[in-house]
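Before any comments, here is the structure.
The values are calculated or read from the model by the stated rules, or taken from the named source; none is laboratory data. Just so you know, these numbers come straight off a predicted model, no measurement behind them. Every residue, glycine as well, gets a Cβ built from its backbone with ideal geometry; the counts of neighbours run over all protein chains shown.
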Amino acid sequence: MRSIEHIIAPPPPHMVGDGFRVHSFFPGGRLIDKKRMSPFFLLDYGAEISFAPADEPRGVGVHPHAGFETVTIAYKGRIAHHDSAGNSGIIGEGDVQWMTAGSGLLHKEYHEEAYSKTGGPFQMVQLWVNLPFVHKKTKPKYQEITRASLGVHTLTDGSRIDVIAGEYKGTRGPAFTFTPIHMMNARLHTNGEAEFSFPASYNTGFLVISGEVEINGQPVNADHFVLFKNDGEDIHLKATTESVVLILSGEPIEEPIAAYGPFLMNTWAEVEQAIQDVNSGKFGTLE
Ligand code: MN
């Protein structure tokens, strides 16, 4: 059995642009070691809030990224995305966008237009997944992963595990990953139970998106992040009420990190180069 290291309450939220009100679980706080959840570098959680209708979609304007991947999961509301590699898309409820910034791009993230006009519940997650040195400068890539394309493992009571990446008991997720990663949403009915097993060396955390659960017998409320020790493999999840839990596990990337703003490199020289590349237009252009 893998033991729990910390059950972390949502840190005070901050705004990203004017459209994303997020609780940053890491890096920082209990996960002050920037590699504690490697290959996951950052977890921004937009707990459920209700946005008022707006004619101009709220969001965050054009900004660069390089050296890693952004993974955006929509639970409520819809997000629109455009990038300088020519990709765009809408992330609706249950959908996932897996964007590889790699060598570098510009993008912007907004509330989708129709959602913006009606307003209403909004809940999302954005993860930053690090890339190892050998793939850091890979060409930008875009995986539009619809809810319908997820791997679905159905449990005996009709509860389900929606697999985004990696696998759950033989059911594979559609996402391509550069390093071994398991990412899935457990959507459990009241009293639903699921067992998880990941190599002890894989950094592992659960984010309770909604409902109340017990993890290895310990009660955990919605909006809390559970960090596990690397001391075992098996985790038991039981839903006290109808629940959704985001499950993250991955092989750590054992490389130095130079993190500055939207850049995630191995060395400071590479960060400086990325800034020069943005300024000289190498990341392309985006209106
Ligand atoms: Mn971004």
Checklist line | Candidate set: segment 248-282, residues that are touching a Gly at 6+ places or on another chain (Cβ under 8 Å) and more than 21 Å from PRO132 (Cβ to Cβ); chosen: the one nearest to the ligand (Cβ to nearest atom) | finding: VAL278
Notebook entry, point to check: Of GLN276, GLN218, which residue is surrounded by fewer than 18 Cβ atoms within 10 Å (Cβ to Cβ) and in contact with a strand residue (DSSP E or B) (Cβ under 7 Å, 6 or more places away or on another chain)?
Noted result: GLN218
Next item on the list: Tell me which residues, restricted to segment 84-136, are part of a helix (DSSP H, G or I), in contact with a Gly (Cβ under 8 Å, 6 or more places away or on another chain) and under 26 Å from HIS23 (Cβ atoms).
Entry: TYR115
Margin query: Residues to consider are ALA85, ALA52, ALA80, ALA66; find the one that is closer than 29 Å to THR267 by Cα and surrounded by fewer than 23 Cβ atoms within 10 Å (Cβ to Cβ).
Written below: ALA85
Margin query: When you check ILE235 against the structure, is it surrounded by 23 or more Cβ atoms within 10 Å (Cβ to Cβ), at negative phi, assigned to a strand (DSSP E or B) and of a type in the set (A, V, I, L, M, F, W, C), yes or no?
Written below: no
Notebook entry, point to check: Take the residues of segment 109-151 that are aromatic (Phe, Trp, Tyr) and crowded, with 16+ Cβ neighbours inside 10 Å: which is nearest to the ligand (Cβ to nearest atom)?
Noted result: TRP128
Notebook entry, point to check: Among the residues of segment 251-269, is any surrounded by 15 or more Cβ atoms within 10 Å (Cβ to Cβ) and more than 15 Å from LYS34 (Cα to Cα)?
Noted result: no
Notebook entry, point to check: Restricting attention to segment 238-250, and to residues there that are assigned to a strand (DSSP E or B) and hydroxyl-bearing (Ser, Thr, Tyr), which single residue is nearest to PRO39 (Cα to Cα)?
Noted result: SER249
Notebook entry, point to check: Within the group ARG2, ARG30, ARG78, which residue is away from the ligand (no atom under 16 Å from the Cβ), of a type in the set (Lys, Arg) and free of Cβ contacts under 8 Å to residues at least 60 places away in the same chain?
Noted result: ARG78
Notebook entry, point to check: Residue check, VAL60 against (1) within 20 Å of GLU287 (Cβ to Cβ); (2) in contact (Cβ under 8 Å) with a residue 40 or more places away in the chain; (3) not in a strand (DSSP E or B), all met but one. Which one?
Noted result: (3)
Item checked: Any hit, segment 40-56, residues being within 16 Å of the ligand (Cβ to nearest atom), outside any strand (DSSP E or B), on the phi < 0 side of the Ramachandran plot and modelled with pLDDT of 95 or more -> no
Note to self: Given the criterion crowded, with 17+ Cβ neighbours inside 10 Å and in a loop (DSSP other than H, G, I, E, B), identify the matching residue among ALA175, ALA186, ALA200, ALA194.
What the structure shows: ALA175
Next item on the list: Filter segment 1-22 down to residues that are more than 25 Å from ASN216 (Cα to Cα) and part of a strand (DSSP E or B), then give me how many there are.
Entry: 6
